[in-house]
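To start, the structure itself, in structure tokens.
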Amino acid sequence: MATENPFKSILKTLEKPEGGEFGKYYSLPALNDPRIEKLPYSIRILLESAIRNCDEFQVKSKDVEKIIDWENSSPKLVEIPFKPARVLLQDFTGVPAVVDLACMRDAMNSLAGDSDKINPLVPVDLVIDHSVQVDVARSENAVNANMELEFQRNKERFAFLKWGSNAFHNMLVVPPGSGIVHQVNLEYLGRVVFNTKGLLYPDSVVGTDSHTTMIDGLGVAGWGVGGIEAEAAMLGQPMSMVLPGVVGFKLLGKLRDGVTATDLVLTVTQMLRKHGVVGKFVEFYGEGMSELSLADRATIANMSPEYGATMGFFPVDHVTLQYLKLTGRSDETVSMIESYLRANKMFVDYSEPQGERVYSSYLELNLEDVEPCVSGPKRPHDRVSLKEMKSDWRSCLDNKIGFKGFAIPKESQSKVVEFEFHGTRAQLRHGDVVIAAITSCTNTSNPSVMLGAALVAKKACELGLEVKPWIKTSLAPGSGVVTKYLQKSGLQSYLNQLGFNIVGYGCTTCIGNSGDLDESVASAIAENDIVAAAVLSGNRNFEGRVHPLTRANYLASPPLVVAYALAGTVDIDFETEPIGVGKDGKNIFFRDIWPSNEEVAEVVQSSVLPDMFKATYEAITKGNSMWNQLNVPSGKLYSWDPKSTYIHQPPYFKDMSMSPPGPYGVKDAYCLLNFGDSITTDHISPAGSIHKDSPAARYLMERGVDRRDFNSYGSRRGNDEVMARGTFANIRIVNMLLNGEVGPKTVHIPTGEKLSVFDAAMRYKSEGQGTIILAGAEYGSGSSRDWAAKGPKLLGVKAVIAKSFERIHRSNLVGMGIIPLCFKCGEDAETLGLTGHERYSIGLPSSISDLRPGQDVKVETDSGKSFACTLRFDTEVELVYFDHGGILQYVIRNLVDAKH
């Protein structure tokens with residue numbers, strides 16, 4: 001059981017400069033251990049958390065020693081517990097998280113009659129960023145129109161979250177229409193240092209969106225976890241993690257004129273993917289840090305999932321303090337933050353000599369070497385220098401189908417498709433842009449690129465350039481602050497003139513909420529097999545994600561999004577070819593509309609003001625009329641409506657008993673799906689629109705839901721029936737059981753029938769037969785979607801055998817009780833001669849005491865093949881979760897035990 005903190009002797013008082021005290025804190029220097037001076041700053045945050053939470057029960061002294069001895073212990077992949085200071089939920093995963101909490105209350109009430117035990121024990125910030133479907137784009141009233149549509153579609157979901165904010169203690173809900181979770185976290189929610197009842201400690205956060213990492217730019221240690229893991233953290237469970245290696249990334253010099261933070265982050269993403277940083281921290285340092293604004297740092301930190309790191313961390317320095325003041329934090333708060341971090345050796349002062357820190361490996365980049373670039377057409381780390389874009393695009397048309405290829409025959413590459421757009425004759429070619437979106441995630445927290453885009457628009461309008469009317473253009477700021485400074489600068493009108501009207505404050509095109517293309521454009525693309533392009537300032541461009549009809553998707557800075565919208569094609573060399581024809585009939589080139597860094601800096605300085613942040617965030621706490629008018633029940637237990645197609649009680653805790661079910665093996669399971677490399681959570685988890693011919697559509701229509709009211713999978717994440725039917729429903733998914741056919745189907749092995757994945761899975765379940773999944777490398781890369789694990793669980797998947805897993809997805813599989821296995825090095829399904837038509841048996845002992853993390857497991861098939869795999873339960877705690885059938889079942893049983 002828990003005991004008194006053994007480190008109470010290093011609890012010190014932090015004095016205020018003007019007299020009095022800020023509070024008490026656990027002092028790292030008071031340990032008098034020379035190893036601490038060499039620790040990366042990111043590891044010092046883990047160390048402080050372990051010391052503060054040490055009770056010799058959940059967190060032990062030996063865990064503290066492992067972290068202090070990080071230089072020697074991290075290469076050994078030792079396990080440590082981590083208790084974050086808070087948990088961040090966003091709308092998408094917030095709904096299922098609150099659904100699960102409500103279900104856990106029901107289960108707790110049934111088992112022990114004490115539902116009030118289920119309450120968050122750490123602060124929970126839930127931001128309803130309400131995933132805006134871009135129905136209304138080119139309109140001055142787009143924001144209000146889209147907002148009204150969102151409330152019509154999602155009233156039940158919003159009401160459920162409002163109920164949760166009242167039913168659960170310690171939960172702050174930020175109403176819809178306020179902004180995207182990452183930017184609200186950066187500008188408003190990030191504490192940097194907590195002062196809780198007089199105890200000071202660093203802010204740290206785990207969030208249910210993989211881009212929680214944006215907060216690392218503020219010096220707050222944060223990363224994405226699955227909703228399942230976040231729920232356990234909310235309920236006081238320490239997160240079990242492998243003590244990570246830390247890559248030291250040294251920055252030198254400064255960016256050249258005309259180069260943006262987006263160009264930098266795409267370069268960093270490519271470098272780190274090549275270096276290999278999955279499961280590691282990346283920590284930035286060096287004299288180049290002084291040249292990076294906080295917003296630039298946040299842009300780099302935000303894309304940690306794209307380069308594969310747990311986080312990209314920027315320690316707190318003077319730039320951080322300046323940003324805190326800019327965003328409206330009080331002088332006293334900023335003084336407390338600086339005083340605490342200096343006292344605890346967590347502040348970097350570049351005016352002082354820098355002590356030597358040890359890193360696991362090192363990288364270096366001179367900022368002067370960064371070039372303008374984009375990434376695509378299908379992956380965020382496939383960077384293309386802007387000057388090479390035209391030749392790269394032509395190669396993609398030629399190349400065989402793959403991440404860099406579309407296999408378009410030479411004779412078809414130059415074809416022109418004529419169509420009529422609202423009475424105007426129009427043309428489409430391969431590479432023509434049909435979606436150009438400045439989206440809310442990676443870049444809109446960065447005033448330099450947002451105002452840079454506005455300056456491009458101004459120059460273009462003054463020269464008489466226009467965007468073709470059939471290109472769907474949109475602007476989705478991450479918070480209301482962006483609108484304020486665009487209006488203050490006088491530049492929003494130019495964006496509007498080009499069609500970049502503000503459509504809302506939330507996830508849009510980047511998550512697949514681009515809305516429908518005009519019917520004439522959609523028909524021209526589909527009927528003529530045109531490889532149409534989308535250009536967006538987001539962070540994900542996987543196939544089928546942005547829009548089903550845009551096979552080429554490029555990530556670019558907001559100014560480049562405007563430039564490509566004006567050009568109307570990605571098949572252009574900006575250095576030698578004109579971007580368009582001006583009002584005087586002269587050719588206009590890219591260089592004619594591109595602003596200098598000095599121009600951008602000048603408008604940022606005059607337009608981005610602290611009062612904007614204060615006014616914006618004072619307003620959001622009051623909500624809006626649509627939110628405030630929602631009527632919700634007041635009870636602690638939720639009244640489930642069995643007819644609801646939005647909020648449904650899932651079966652995770654059905655017939656749950658106090659005794660853990662124990663580990664299970666797999667006997668004669670069929671292969672549900674057979675995949676190659678880079679299957680992302682976008683392929684696995686339901687995302688984007690609900691296709692009219694899908695099992696999910698069938699389910700909704702059977703319940704009287706009209707097609708126009710299907711909404712998106714994201715909006716229906718609180719209904720397990722819809723989500724199970726949408727699992728593996730991505731239209732671009734490649735299942736090798738289908739012999740080259742692309743789409744969300746599979747083969748029912750016993751009969752040879754081709755069925756939807758859901759129908760095949762239900763057939764197997766009804767016959768009492770388990771299933772497994774075969775996969776290649778990087779299985780589960782992408783967003784930290786809990787439904788990428790919950791869905792397969794509901795489909796009856798018992799195990800996934802892959803070459804490698806992305807960190808968060810593997811953790812989510814464990815949390816749902818699905819066995820993750822890795823092929824041995826140099827082996828995969830192909831080298832072992834597996835076709836997926838075999839039946840698979842995985843032998844595991846029946847007692848958890850006979851299992852250990854990372855042990856070898858024998859897999860046998862009915863074809864006579866057998867091979868060894870590595871069991872990817874990576875820690876002892878994960879084995880305990882498996883024993884209980886999942887992490888949430890473990891938490892409930894623990895709480896019942898504690899009650900008794």
Task: Test set (1) out of contact with any helix residue (DSSP H, G or I) (no Cβ under 9 Å at 6 or more places or on another chain); (2) of a type in the set (A, V, I, L, M); (3) farther than 30 Å from Glu806 by Cα - Ile679 fails condition number - done: (3)
Open item on the list: If I go through the stretch 451-498 residue by residue, how many of them are open to solvent by 10 Å² or more (accessible area, probe 1.4 Å), of a type outside the set (Phe, Trp, Tyr) and part of a helix (DSSP H, G or I)?
Closed with: 16
Open item on the list: Taking the criterion of being buried (at least 22 other Cβ atoms within 10 Å of the Cβ) and in contact with a Phe, Trp or Tyr (Cβ under 7 Å, 6 or more places away or on another chain), would at least one residue in the stretch 141-155 satisfy it?
Closed with: no
- [ ] Among the candidates Pro17, Pro6, Pro34, single out the residue that is within 24 Å of Phe249 (Cα to Cα) and open to solvent by 10 Å² or more (accessible area, probe 1.4 Å).
- [x] Pro34
TODO: Have a look at Gly312, Gly236, Gly245 and point out the one that is modelled with pLDDT of 95 or more, open to solvent by 10 Å² or more (accessible area, probe 1.4 Å) and under 30 Å from Gly815 (Cα atoms).
DONE: Gly245
Open item on the list: Looking at the stretch 615-625 only, could you name the residues that are at pLDDT below 85, open to solvent by less than 70 Å² (accessible area, probe 1.4 Å) and in a helix (DSSP H, G or I)?
Closed with: Ala619, Ile620
Open item on the list: Against the definition (open to solvent by 20 Å² or more (accessible area, probe 1.4 Å), farther than 22 Å from Val134 by Cβ and in contact with a helix residue (DSSP H, G or I) (Cβ under 6 Å, 6 or more places away or on another chain)), how does Gln413 come out, yes or no?
Closed with: yes
Task: Selected residue (criterion: modelled with the highest pLDDT) from residues of the stretch 69-127 that are open to solvent by 30 Å² or more (accessible area, probe 1.4 Å) and among the basic types (Lys, Arg) - done: Lys83
Task: Within the stretch 333-360, considering residues that are among the charged types (D, E, K, R) and touching a strand residue (DSSP E or B) at 6+ places or on another chain (Cβ under 9 Å), the one nearest to Pro75 (Cα to Cα) - done: Arg357
Open item on the list: Tell me whether the stretch 522-532 contains one or more residues that are acidic (Asp, Glu) and at pLDDT 90 or above.
Closed with: yes
TODO: Pull up the stretch 177-233, narrow it to residues that are modelled with pLDDT under 90, within 21 Å of Val814 (Cβ to Cβ) and polar (S, T, N, Q), then point me to the one that is surrounded by the most Cβ atoms within 10 Å (Cβ to Cβ).
DONE: Thr208
Open item on the list: So Pro661 ticks every box in (1) more than 30 Å from Ser866 (Cβ to Cβ); (2) assigned to a loop (DSSP other than H, G, I, E, B) but one. Which box is left unticked?
Closed with: (1)
Open item on the list: Criterion first (buried (at least 24 other Cβ atoms within 10 Å of the Cβ), at pLDDT below 90 and part of a helix (DSSP H, G or I)) does Val546 satisfy it?
Closed with: no
Open item on the list: Just to check your reading of the model, which residue among Lys387, Lys378, Lys400, Lys415 is on the phi < 0 side of the Ramachandran plot and in a helix (DSSP H, G or I)?
Closed with: Lys387
TODO: Can you tell me which residue among Val859, Val880 is over 27 Å from the mean Cα position of the chain (by Cα), β-branched (Val, Ile, Thr) and open to solvent by less than 10 Å² (accessible area, probe 1.4 Å)?
DONE: Val859
- [ ] State all residues of the stretch 869-900 that are among the hydroxyl-bearing types (Ser, Thr, Tyr) and part of a helix (DSSP H, G or I); if no residue qualifies, say none.
- [x] Tyr881, Tyr890
Task: Close pairs (7 angstrom Cβ cut-off, 6 or more residues apart or separate chains): in contact (Cβ under 8 Å) with a residue 12 or more places away in the chain in the stretch 807-823, among the polar types (S, T, N, Q) and not in a helix (DSSP H, G or I) anywhere - done: Arg807/Thr310; Ile808/Ser784; Leu821/Thr870; Cys822/Ser804; Cys822/Thr870
Open item on the list: Take the conditions in contact with a strand residue (DSSP E or B) (Cβ under 7 Å, 6 or more places away or on another chain), assigned to a loop (DSSP other than H, G, I, E, B), over 30 Å from Gly752 (Cβ atoms) and without any contact (Cβ under 8 Å) to a residue 60 or more places away in the chain and apply them to Gly854. Does it pass?
Closed with: yes
TODO: Would you tally the residues in the stretch 578-611 being of a type in the set (D, E, K, R), free of Cβ contacts under 8 Å to residues at least 60 places away in the same chain and in a loop (DSSP other than H, G, I, E, B)?
DONE: 1
- [ ] Go through (1) in contact (Cβ under 8 Å) with a residue 40 or more places away in the chain; (2) open to solvent by 30 Å² or more (accessible area, probe 1.4 Å) and name the single condition Arg342 misses.
- [x] (1)
- [ ] Could you tell me which numbered condition Ala145 fails, if it satisfies all but one of (1) farther than 28 Å from Val59 by Cβ; (2) touching a residue at least 60 places away in the same chain (Cβ under 8 Å)?
- [x] (2)
Task: Count - residues of the stretch 757-799 that are hydroxyl-bearing (Ser, Thr, Tyr) and buried (at least 24 other Cβ atoms within 10 Å of the Cβ) - done: 4
Open item on the list: I'd like the full set of residues that are touching a helix residue (DSSP H, G or I) at 6+ places or on another chain (Cβ under 6 Å) and open to solvent by less than 50 Å² (accessible area, probe 1.4 Å), limited to the stretch 626-644.
Closed with: Leu630, Val632, Tyr638
Task: Hey, Tyr670 of a type in the set (Ser, Thr, Tyr), touching a Gly at 6+ places or on another chain (Cβ under 9 Å) and assigned to a loop (DSSP other than H, G, I, E, B) or not - done: no
- [ ] Go through the stretch 582-614 and give me each residue that's within 23 Å of Ala556 (Cβ to Cβ), among the aliphatic types (A, V, I, L, M) and open to solvent by 30 Å² or more (accessible area, probe 1.4 Å).
- [x] Ala601, Val604
- [ ] Give the number of residues within the stretch 706-729 that are outside any loop (DSSP other than H, G, I, E, B) and either of a type outside the set (Gly, Ala, Ser) or under 23 Å from Ile679 (Cβ atoms) (or both).
- [x] 13
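The values are calculated or read from the model by the stated rules, or taken from the named source; none is laboratory data. Remember, it's a predicted structure, so these values are computed and weren't measured experimentally. Using ideal geometry, Cβ is built from the backbone for each residue, glycine included, and neighbour counts are taken over all protein chains shown. All accessible areas refer to the heavy atoms of the entire protein, side chains included, with ligands and DNA or RNA removed. Shrake-Rupley method; radii C 1.70, N 1.55, O 1.52, S 1.80 Å.
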